[in-house]
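Written out below as structure tokens is the structure these notes cover.
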Amino acid sequence: VDLQVCTSKNPTCCTKKMEERYQTAAKQDIQQVLQTSSATLKFLISHNAAAFQETFEMLIRLAENYTSTLFCNAYRNMAAEATVHVQEFFTDVGLFLFGTDVSTEEFVNRFFDTLFPVVYNHVINPGPTDISLEYAECLRVARRDIRPFGNVPKKAIGQMGRALLPSRTFLQALNLGIEVINTTDHLHFSKDCSRALLRMQYCPHCQGLTLSKPCMGYCLNIIRGCLADIAEVDLHWRGYIQSLEELSRAMSGAHDIEQVLLNFHSLVNDALVQARVNGPELSEQVNKICGPPIRKPKESPGCSFDPKKDNQALKMFSRDSEETLTNRRKEFISHLRLYRAFYGGLADQLCRNELAAADGLPCWNGEDVVRSYTHRVVGSGIKAQSANPEVKVKGTDPVISQIIDKLKHVIQV
């Protein structure tokens, strides 16, 4: 008599305790089914997010090596000092790519600012001794006025901004995709939905009907009711996949991170050549702003960078990577497109593949085993649920609203 949900006219073998256990099982079952249905999609995104991140890390290392090698080969006497600034620069590139708030303009400018005293000391006005720290600081501050590297820094700022931002956005979007799936995989079910799941899956057991499965229409009403919030994600998920596709297509030419990073060393070379050619005029300008150089005893170690150390792995990488990045993106997007309607069709997929009886077979309608389900079957989404005969659905879950806002934001970005 004390059953809450699995009440029936016929005798029943369930106690209140069993009903409570069944209630827990019904919730666990649906969570399990949700997680199974999204597992391949989740793996697709997380696997690719990791692979792209690794490729970007590799590219940064390779570009850093190219730039340090340039100094070792062509400007040996200042290589040790310059390599420190090269490392700092590529650390900033990595921080920006992987989501830290640094500005590309700022770190490109910082690189050329710190490079100028080194170039002045060894190329423009080399002396038997080194310039003092105070003098080097004056040069660093004056670099933007003196413009020893012509328009190369400006060019570098443009290239870095155009190429790094799309890749950074791409990675952020993939990580958001994983967050969306984790959120919908661990949905919080209302009391009304939990009871409906119990009635659908385990109440027949209380009447000894352990083999009967729910009718298709009955299953759709309950699962569409329970997943009404998730169905609201559908529109934004489609938009998300479409904008990822557009972003991926745009990540070529001037926006190709690979070209820009791996050609950075030749930009630096152009900058150094300009400084050397305009040496005499630059010296005059420097004297006007900072006075004649103040020098201290020389301490310039040779080249501390060992290009051979990394190059084997990196050479193989650079050969493969030409086709890797673009192709990998294309392949990933073409797989991801298959999941465009994932959230819109989720309830139907669960009933068809997992939960409901096949058409034409006797099935459970919540009270009895019948030939077919006679109530009206409602559509997906919150609005459609007002007419749902099996589940009452209140407003949207705030957690789902939040994830929808994040999707809208990343689409705008």
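The values are calculated or read from the model by the stated rules, or taken from the named source; none is laboratory data. Predicted model, so just to flag it, every value in this text is computed and none were measured. For neighbour counting, all protein chains shown are included, and Cβ atoms are generated from backbone atoms with ideal geometry for every residue, glycine included. Surface accessibility is based on the protein's heavy atoms, side chains included, excluding ligands, DNA and RNA. Shrake-Rupley method; radii C 1.70, N 1.55, O 1.52, S 1.80 Å.
Details
- Residue in the range 67-85 that is surrounded by 20 or more Cβ atoms within 10 Å (Cβ to Cβ), assigned to a loop (DSSP other than H, G, I, E, B) and not hydroxyl-bearing (Ser, Thr, Tyr) present: no
- Cross-chain or 6+ apart pairs with Cβ under 7 Å, the range 94-111 first and part of a helix (DSSP H, G or I), then hydroxyl-bearing (Ser, Thr, Tyr): PHE96/THR104; LEU97/SER167
- Flag if ARG140 is open to solvent by 40 Å² or more (accessible area, probe 1.4 Å) and in contact with a Phe, Trp or Tyr (Cβ under 7 Å, 6 or more places away or on another chain): yes
Residue by residue, here is whether (1) open to solvent by less than 40 Å² (accessible area, probe 1.4 Å); (2) in contact (Cβ under 8 Å) with a residue 24 or more places away in the chain; (3) under 17 Å from SER38 (Cβ atoms); (4) part of a helix (DSSP H, G or I) holds:
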{"site": "LEU325", "(1), (2), (3), (4)": "yes, yes, no, yes"}
{"site": "ARG329", "(1), (2), (3), (4)": "yes, yes, no, yes"}
{"site": "ALA341", "(1), (2), (3), (4)": "no, yes, yes, no"}
{"site": "SER380", "(1), (2), (3), (4)": "no, yes, yes, no"}
{"site": "GLY395", "(1), (2), (3), (4)": "no, no, no, no"}
{"site": "ILE411", "(1), (2), (3), (4)": "no, yes, no, yes"}
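- For the range 140-156, the set of residues classified as of a type outside the set (Lys, Arg), part of a helix (DSSP H, G or I) and under 34 Å from the mean Cα position of the chain (by Cα) consists of VAL152, PRO153, ALA156, listed by residue number.
- PRO280 being in a helix (DSSP H, G or I), at pLDDT below 90 and not aliphatic (A, V, I, L, M): yes
- Tally of residues being touching a Lys or Arg at 6+ places or on another chain (Cβ under 8 Å) and open to solvent by 40 Å² or more (accessible area, probe 1.4 Å) across the range 98-132: 3
- The conditions of being in contact with a Lys or Arg (Cβ under 8 Å, 6 or more places away or on another chain) and open to solvent by less than 30 Å² (accessible area, probe 1.4 Å) are not met by GLY158.
- Check on ASP310, modelled with pLDDT under 90 and either in contact with a helix residue (DSSP H, G or I) (Cβ under 6 Å, 6 or more places away or on another chain) or open to solvent by less than 50 Å² (accessible area, probe 1.4 Å) (or both): yes
- The set of residues in the range 257-277 that are more than 26 Å from GLU57 (Cβ to Cβ) and open to solvent by less than 10 Å² (accessible area, probe 1.4 Å) comprises LEU272, ALA275.
- LEU407 fulfils the conditions (1) of a type outside the set (S, T, N, Q); (2) crowded, with 20+ Cβ neighbours inside 10 Å; (3) not in a helix (DSSP H, G or I) except for a single criterion, (3).
- Tallying residues that are among the acidic types (Asp, Glu) and crowded, with 18+ Cβ neighbours inside 10 Å within the range 12-28 yields 1.
- Figure legend. Inter-residue proximity from the range 283-297: first residues closer than 13 Å to ALA136 by Cα, second residues of a type outside the set (Val, Ile, Thr), beta-carbon distance below 6 Å, spacing 6+ or different chains. Indicated pairs: ILE289/ALA142; CYS290/CYS138; PRO293/TYR135; ILE294/SER132; ILE294/TYR135; ARG295/GLY127; LYS296/ASP130; LYS296/SER132.
- Residue count for the range 179-234, restricted to those that are more than 18 Å from GLY395 (Cβ to Cβ), open to solvent by 30 Å² or more (accessible area, probe 1.4 Å) and of a type outside the set (Asp, Glu): 15
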